[in-house]
Protein chains: 4
Amino acid sequence: MTRKLLMHVGPVTIDYDVLVAGLRGDTGFTSQEFIDAMSFSLKYLRRLMGADETYQPFIIPGGGTSAMESVASVLRRGDKVLVVSNGVFGDRWKAIFNRYPVAVDIIKANPGEYVKPEEVEEKVSEEKYTLVAMTHVETSTGVREPIQEVTKRIRDKVDLIAVDGVSSVGAETVKAKDYQVDIYLTASQKAIGVPPGAGLLVLSERAVSRLSDESVAGYYLNLKNWIDVMRNLEEGKGSYFATLPVHLIFMLSKAFELMEKEGLENRIKRHEKVAKGIRAGIESMGLDIVAKRPEAYSNTVTGVLLKKANAGDVLREVISEGLELAPGVHPALAGKYFRIGHMGWVNPNDVITTIAVLERVLKRLGEPVNVGEGVRAVQLTYS
Amino acid sequence: MTRKLLMHVGPVTIDYDVLVAGLRGDTGFTSQEFIDAMSFSLKYLRRLMGADETYQPFIIPGGGTSAMESVASVLRRGDKVLVVSNGVFGDRWKAIFNRYPVAVDIIKANPGEYVKPEEVEEKVSEEKYTLVAMTHVETSTGVREPIQEVTKRIRDKVDLIAVDGVSSVGAETVKAKDYQVDIYLTASQKAIGVPPGAGLLVLSERAVSRLSDESVAGYYLNLKNWIDVMRNLEEGKGSYFATLPVHLIFMLSKAFELMEKEGLENRIKRHEKVAKGIRAGIESMGLDIVAKRPEAYSNTVTGVLLKKANAGDVLREVISEGLELAPGVHPALAGKYFRIGHMGWVNPNDVITTIAVLERVLKRLGEPVNVGEGVRAVQLTYS
Amino acid sequence: MTRKLLMHVGPVTIDYDVLVAGLRGDTGFTSQEFIDAMSFSLKYLRRLMGADETYQPFIIPGGGTSAMESVASVLRRGDKVLVVSNGVFGDRWKAIFNRYPVAVDIIKANPGEYVKPEEVEEKVSEEKYTLVAMTHVETSTGVREPIQEVTKRIRDKVDLIAVDGVSSVGAETVKAKDYQVDIYLTASQKAIGVPPGAGLLVLSERAVSRLSDESVAGYYLNLKNWIDVMRNLEEGKGSYFATLPVHLIFMLSKAFELMEKEGLENRIKRHEKVAKGIRAGIESMGLDIVAKRPEAYSNTVTGVLLKKANAGDVLREVISEGLELAPGVHPALAGKYFRIGHMGWVNPNDVITTIAVLERVLKRLGEPVNVGEGVRAVQLTYS
Amino acid sequence: MTRKLLMHVGPVTIDYDVLVAGLRGDTGFTSQEFIDAMSFSLKYLRRLMGADETYQPFIIPGGGTSAMESVASVLRRGDKVLVVSNGVFGDRWKAIFNRYPVAVDIIKANPGEYVKPEEVEEKVSEEKYTLVAMTHVETSTGVREPIQEVTKRIRDKVDLIAVDGVSSVGAETVKAKDYQVDIYLTASQKAIGVPPGAGLLVLSERAVSRLSDESVAGYYLNLKNWIDVMRNLEEGKGSYFATLPVHLIFMLSKAFELMEKEGLENRIKRHEKVAKGIRAGIESMGLDIVAKRPEAYSNTVTGVLLKKANAGDVLREVISEGLELAPGVHPALAGKYFRIGHMGWVNPNDVITTIAVLERVLKRLGEPVNVGEGVRAVQLTYS
């Protein structure tokens, strides 16, 4: 039996219509089909990010981390960066910038909390930063940062704002233009629901104007090397810098086509509905969620705290029941929680299955849960 | 009609058994299936590179260029690098290293030629280099560098030797250990015959010992950040630094399984046979090959020089006959040649088709070719 | 959103490993791969049916109905047939035999009931029948006939016994040899979990000895025309009478390979477990099952009686919740019930999803159900 | 290496776009997607057959032989049938009707010849036949019957005309309406280029009016049992008699969509072009074709006579060169010929490959062929 439900943080469950779109045995990077798929995908990416024509879209090989590192393309030696971190992937901004000749400050929240907008405002009022880098939804804890509020408070005080939307784009409200975010980025394998292999970004005009030979960036992840390729491909012209993930682009293009059909707002509402069901199930079972308060809840990731059972055992046992979940990775909570990813092509049926398997497995592992209460709560949520 | 023959330089024609191996809608990066596929692939990669247990294999997101840039992981501020360049991708070594605080010298060959081993020897005798970076088969011209002879002459005089085997690994004899090459690298979409999305490398102990926080490398392509992940996965343990291209790894693992079945030597012989047929067809048609002499011929790429026809027209016209070829990209020959990629899952049937279509299309476009002579020569080659 | 759960009576949810096994663009019926797949499938079919080497397996184009009609291959003009019918597909035996010059008697049960073994015994004691044709699980009602007990009572009194195992083989205990059944048949799209396209049968030596030019059978469904093909293919030799569904055979062979891995007994237990959960959910919701008594319950199909809601509305509404169920087809219960198919690659996660969707949809449609009670009962069943 | 060229008589090389259309793991026969695919396919089938709205299309499980047997649906006890046979599949008409209580006469041509229209005219002038059954292209020899001329001569003298278009529909000009053919039939795996699993027919009003309980037909292949299902499905309403090959219908529908895009006339011209190239290659190599004269040539099948080599050896050897051909099956020519199928998604590239492989293999096996002449002739044909 190979059927399984994957409620992970990426790759996630992928619709087969998306997967089979990559079954192209005879298509090169100079083929019209590929150029068309890229052109459509770049155009759709703007809409997905809530950007307009003034933004330049990029689809480059790699994933979330490489997309984050490509932000170095707008930095120059000696620039100052402020990182706003709610966990592992917030900290990653710092680890990345530390490899470059720029100064990095960081504000951190406790696990389950997010950095308050006023803290960011205070910090950027004290000191002039070239770039503030944030994380919309922190994948390690499932905590959501109120991006709109932060940007409102700091927009006038900093040069550039970059948001890691890896666990938000496609599932949360994202408005690059309205929030005046300069760089919004994500990866193919998260809420877009495509295999891993591409980082996706939009850059404002201000951000684009900073691409130059003087940037601290290297070569492959240097957006200056990619910008003409993106412009050409969007206009339907073949172009090459380094090989793009051709087959993945066909899948991405299919995913975007399906998104267009569903409607972006419907898609976000679907994620909201799924997330609500997951939380209702978990809480009614008697367990706590890592995100400390409702404003911190995200549509895509729910961290679940364990009272007695061992997280590793839980992950192993749910596999035997046809469910794959994600391990907890926040060092401060090591072994005490696991994560449920609920993004991409998820629906309420996945919720009931996840909660049902968890109820049974957790009980078996000695966790104090009331079997039947979680699934009943899911039902009431959806009735 | 969507059937087409893709004779490109990557992505190439991909066997459907390989493509469908990626049809996994429900498999996360912590799943046992993925871990097993990585473990097998890493082990097989050593054999593919002619490396032994003292070499550390890496499979990282990206492609050839990112694999090349990851070589910066072994360099420190102020190191001296010698680049041996036979064309566009040789020059790329220089462009990459120029983004880092290291000194770069370059020896270049004219298009169609390769840098003579004695020239390299002379250069490294004059000056001490930390790293010599070469290209086994130059994808832009199809010229092969005699790696074994070069390494024999320079091994004792330089610290590290890196070879870009992007258009050779899986199709040419590659013996990392015997040639004492420290870093041999390739990409998934070339002679391995998998979609683009991964760079593959092996590093000698000496190269591994240079990975450190002091290297000039950035973050994502810094092999120091990946080495534990590779070791853990090879040993069958889940591990994470940044998301690996899970679906691609299933395809890679399938390709390696098929290679194992075919036998690496048989695979190389098949590439030799295919390349021989291509050249016989092209020359009997009355056209010249970019590579200037037989020792420079490669098993994987053949550049074809045009006398009258326009290269762009040729590429467009062959598409209408169900054949996709690659444009020429060497600036010195702009518009005067095109490339035939013949790697991966190619066979003599692809050769006869390619030559037959070219004969007819070239004649139509006014190129002085004898229709029928190319295909006859292919037949005599294989009889 | 195209993800959906198919709980139908055939085709059913198909594992993607099975589906992709049919992705063969270049394989003819004389290829070794096809011959090997047929050989393995024929051999495995014997085991699946609880038959031994004395039985001849057949895999022929079509489905359940064509497999039933092929039973005419053992009948001659004037033969007498007794049909034991528990519903639509029992009656189909009669409709089929009525097209041939044989006499047909029928014993029928009320919907939800099965014909008692003693009734069959009585009937065959009164009159001499060449063939008794029964249905193991009646797909229209989900009622199971106690085949073993019937055969024990009648074996000595009739020439031949044929059992339609369309909704049982692969999910219920089937022992052709032990029960001394002469013809056991099924179709690819039911509990075997393969797309529709093939009928599968095993024939005892006695049944095989009746194949002759004198039979009443036509041409295509005449097993005499197929027997040599089956014997040759099983022995690994190419053979032709009419074109077999080549691609489907690759899927069938894959399904059999997965069955072998799972173990036939485990597979039956899994179906039992799933069926138990479905019934617990339905009954706890407050609904009645068509099958009137526990001995009549099957592992594969559950008919659900509605009190107020319209069956057509239920089917339409569950689709909008990502669940596809089967309509009721028994004329005596028209519009008053629907069917849940639970065969093939089903698991408890499918059960909870099915019950959860039904609870919500039925409530919405005015059916008196207690939302939350069905899913809780499923959980308790599995805890 | 699993890449291969399949030049067989069915299944043939199948475009991957067609194959992947069947990758539906969760679609039942009552789903709207399936109903839509059937509706479109039935409508397109009329156009494919050159029929109009007065014709009733049928798509039923099975293949060519079952479609032929379903013609019994229009026959009654005592009817007289005339079979016009050019080989194995012409004879099959007789073998089928012999299983029914109807009288059968046959006119036969020698292998490589076709029955002259005047012979048929003469026969039907002598005696009154209910049905004349012919074969458009005889798959066993590749001989084409001039259907239009025959029907012109006999139309007024017989009740019904049925044409087996198994190796013609989709590749030859077929005009059911213009030729006043009552039943034109084919199978999915031939020139339509879909896996085997369905028979396709159109019936004139006259033919439909003969469907009745009085027909000699059995049950499953009795078109009376299917007609309402076809009408309902065409109108977009779910309907059931016996399970249709759901997944195959999705592929069929995709193939029809691709045909519509290509244009039926273009498709026929493509087949003509391919057939012409095959014959040019074979004849220039120095071999004879089974069809005795140009008027007998078909667009879909070419039988090739051998002088010295053994046909079985040829088939085995071409496999080792990545080419799969079909065995000869006409008993009068046993072992002396093989067949090249050239239907479906074939193109000139398949021609050159087929001829190239044959040249080399035949020479190796001692057949007197001039290597290089066949491929040169193909090139000249296409230049």
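The values are calculated or read from the model by the stated rules, or taken from the named source; none is laboratory data. These numbers were taken from a predicted model, which means no experiment stands behind them. We place every Cβ from the backbone using ideal geometry, glycine too, and count neighbours over all the protein chains shown.
Taking the criterion of being surrounded by fewer than 23 Cβ atoms within 10 Å (Cβ to Cβ), away from chain C (no Cβ under 12 Å) and of a type in the set (A, V, I, L, M), the residues of region D:201-217 that qualify are D:Val208, D:Leu211. Annotation: of all residues in region D:47-66 being within 7 Å of another protein chain (Cβ to nearest Cβ) and not in a helix (DSSP H, G or I), the one that is surrounded by the most Cβ atoms within 10 Å (Cβ to Cβ) is D:Gly62.
Restricting attention to region A:1-14, the residues that are at the interface with chain B (Cβ under 7 Å from one of its Cβ atoms) and not β-branched (Val, Ile, Thr) add up to 6.
Which of the residues that make up region C:145-161 are under 28 Å from C:Ile289 (Cβ atoms), crowded, with 24+ Cβ neighbours inside 10 Å and either at pLDDT below 95 or not acidic (Asp, Glu) (or both)? Once the filter is applied, which keeps residues that are under 28 Å from C:Ile289 (Cβ atoms), crowded, with 24+ Cβ neighbours inside 10 Å and either at pLDDT below 95 or not acidic (Asp, Glu) (or both), region C:145-161 yields C:Ile147, C:Val150.
Given the structure, is B:Gly281 at negative phi, within 12 Å of another protein chain (Cβ to nearest Cβ) and in contact with a His (Cβ under 8 Å, 6 or more places away or on another chain)? So B:Gly281 fails the test. Checking each residue of region B:257-272 against the condition of being touching a Leu at 6+ places or on another chain (Cβ under 8 Å) and either free of Cβ contacts under 8 Å to residues at least 60 places away in the same chain or surrounded by fewer than 24 Cβ atoms within 10 Å (Cβ to Cβ) (or both) gives at least one match.
So, in region D:223-256, of the ones that are hydroxyl-bearing (Ser, Thr, Tyr) and buried (at least 18 other Cβ atoms within 10 Å of the Cβ), which residue ends up farthest from D:Lys190 (Cα to Cα)? Result: D:Ser239. Consider C:Val18 carefully, then state whether it is assigned to a loop (DSSP other than H, G, I, E, B) and either of a type in the set (S, T, N, Q) or within 13 Å of another protein chain (Cβ to nearest Cβ) (or both). No; evaluated as a whole, the condition is false for this residue. Set side by side, the residues D:Ser239, D:Ser253, D:Ser284, D:Ser298 differ, and just one is farther than 27 Å from D:Ala334 by Cα and in contact (Cβ under 8 Å) with a residue 60 or more places away in the chain, which is D:Ser253.
For region A:21-41, which positions are under 11 Å from A:Leu233 (Cα atoms) and not in a loop (DSSP other than H, G, I, E, B)? Answer for region A:21-41, where residues must be under 11 Å from A:Leu233 (Cα atoms) and not in a loop (DSSP other than H, G, I, E, B): A:Gln32, A:Phe34, A:Ile35, A:Asp36, A:Ala37, A:Met38, A:Ser39, A:Phe40, A:Ser41.
Inclusion of B:Pro101 among residues that are crowded, with 23+ Cβ neighbours inside 10 Å, more than 30 Å from D:His271 (Cβ to Cβ), within 14 Å of chain A (Cβ to nearest Cβ) and not hydroxyl-bearing (Ser, Thr, Tyr) is not warranted.
Here is a check on your reading of the model: is C:Val71 more than 14 Å from chain D (Cβ to nearest Cβ), β-branched (Val, Ile, Thr), surrounded by 20 or more Cβ atoms within 10 Å (Cβ to Cβ) and within 19 Å of C:Ala207 (Cβ to Cβ)? Here the answer is no, as C:Val71 does not meet what is asked. Name the residues in region A:353-383 that are over 13 Å from C:Asn349 (Cα atoms), at the interface with chain C (Cβ under 9 Å from one of its Cβ atoms) and among the acidic types (Asp, Glu), would you? Within region A:353-383, just A:Glu373 meets the criteria. Residue under question is C:Val346, and the condition is that it be part of a helix (DSSP H, G or I), within 10 Å of another protein chain (Cβ to nearest Cβ), of a type outside the set (Ser, Thr, Tyr) and buried (at least 23 other Cβ atoms within 10 Å of the Cβ); does it hold? No.
Taken over region B:74-88, the residue count meeting the criterion of being more than 19 Å from B:Glu127 (Cα to Cα) and surrounded by fewer than 22 Cβ atoms within 10 Å (Cβ to Cβ) is 1. Considering region B:278-293, and only residues there that are in a loop (DSSP other than H, G, I, E, B) and buried (at least 17 other Cβ atoms within 10 Å of the Cβ), the residue that is modelled with the lowest pLDDT turns out to be B:Lys292. Against the criterion of being away from chain D (no Cβ under 14 Å) and surrounded by 23 or more Cβ atoms within 10 Å (Cβ to Cβ), C:Ala296 does not qualify. Do we find a residue being buried (at least 21 other Cβ atoms within 10 Å of the Cβ) and over 19 Å from the mean Cα position of the chain (by Cα) anywhere in region C:136-144? Within region C:136-144 (the criterion being buried (at least 21 other Cβ atoms within 10 Å of the Cβ) and over 19 Å from the mean Cα position of the chain (by Cα)), the answer is no, since none of the residues qualifies. In the set A:Glu265, A:Glu257, A:Glu272, A:Glu234, only one residue is closer than 28 Å to A:Leu131 by Cβ, more than 14 Å from chain B (Cβ to nearest Cβ) and of a type in the set (D, E, K, R); that residue is A:Glu234.
A quick yes/no check of all residues on (1) within 14 Å of chain B (Cβ to nearest Cβ); (2) more than 18 Å from the chain's Cα centre (by Cα):
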site: A:Thr151; (1), (2): no, yes
site: A:Leu160; (1), (2): no, yes
site: A:Gly165; (1), (2): no, no
site: A:Glu172; (1), (2): no, no
site: A:Ala176; (1), (2): no, no
site: A:Val181; (1), (2): no, no
site: A:Gly193; (1), (2): yes, no
site: A:Gly199; (1), (2): yes, no
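Here D:Tyr44 fulfils each of the conditions (1) in a helix (DSSP H, G or I); (2) away from chain C (no Cβ under 14 Å); (3) of a type in the set (Phe, Trp, Tyr); (4) touching a strand residue (DSSP E or B) at 6+ places or on another chain (Cβ under 8 Å) apart from (4). So which of D:Pro348, D:Pro368, D:Pro327 is closer than 20 Å to D:Val137 by Cα and either not assigned by TED's automatic domain parsing to the domain that holds D:Leu306 or not aromatic (Phe, Trp, Tyr) (or both)? Result: D:Pro327 is the single residue among D:Pro348, D:Pro368, D:Pro327 that is closer than 20 Å to D:Val137 by Cα and either not assigned by TED's automatic domain parsing to the domain that holds D:Leu306 or not aromatic (Phe, Trp, Tyr) (or both).
Answer with yes or no whether C:Arg316 is surrounded by fewer than 22 Cβ atoms within 10 Å (Cβ to Cβ), facing chain A (nearest Cβ under 10 Å), among the basic types (Lys, Arg) and under 23 Å from D:Gly238 (Cβ atoms). Considered against the rule, which asks whether it is surrounded by fewer than 22 Cβ atoms within 10 Å (Cβ to Cβ), facing chain A (nearest Cβ under 10 Å), among the basic types (Lys, Arg) and under 23 Å from D:Gly238 (Cβ atoms), C:Arg316 comes out as no.
Annotation: of all residues in region C:320-338 being away from every other protein chain (no Cβ under 11 Å) and in contact (Cβ under 8 Å) with a residue 60 or more places away in the chain, the one that is surrounded by the fewest Cβ atoms within 10 Å (Cβ to Cβ) is C:Pro331. Checking C:Tyr220, C:Tyr184 one by one, the residue that is in the same structural domain as C:Thr243 (by TED's automatic domain parsing), crowded, with 24+ Cβ neighbours inside 10 Å and not in a loop (DSSP other than H, G, I, E, B) is C:Tyr184 and no other. When C:Arg76 is evaluated against the numbered criteria (1) within 14 Å of chain D (Cβ to nearest Cβ); (2) on the phi > 0 side of the Ramachandran plot, which criterion, by number, is the only one it fails? The number of the failed condition is (2). Any residue at all in region D:5-23 that is acidic (Asp, Glu) and either surrounded by 21 or more Cβ atoms within 10 Å (Cβ to Cβ) or touching a Leu at 6+ places or on another chain (Cβ under 8 Å) (or both)? The answer is yes, given that some residue of region D:5-23 is acidic (Asp, Glu) and either surrounded by 21 or more Cβ atoms within 10 Å (Cβ to Cβ) or touching a Leu at 6+ places or on another chain (Cβ under 8 Å) (or both). The number of residues in region D:67-101 that are without any contact (Cβ under 8 Å) to a residue 24 or more places away in the chain and part of a helix (DSSP H, G or I) comes to 3.
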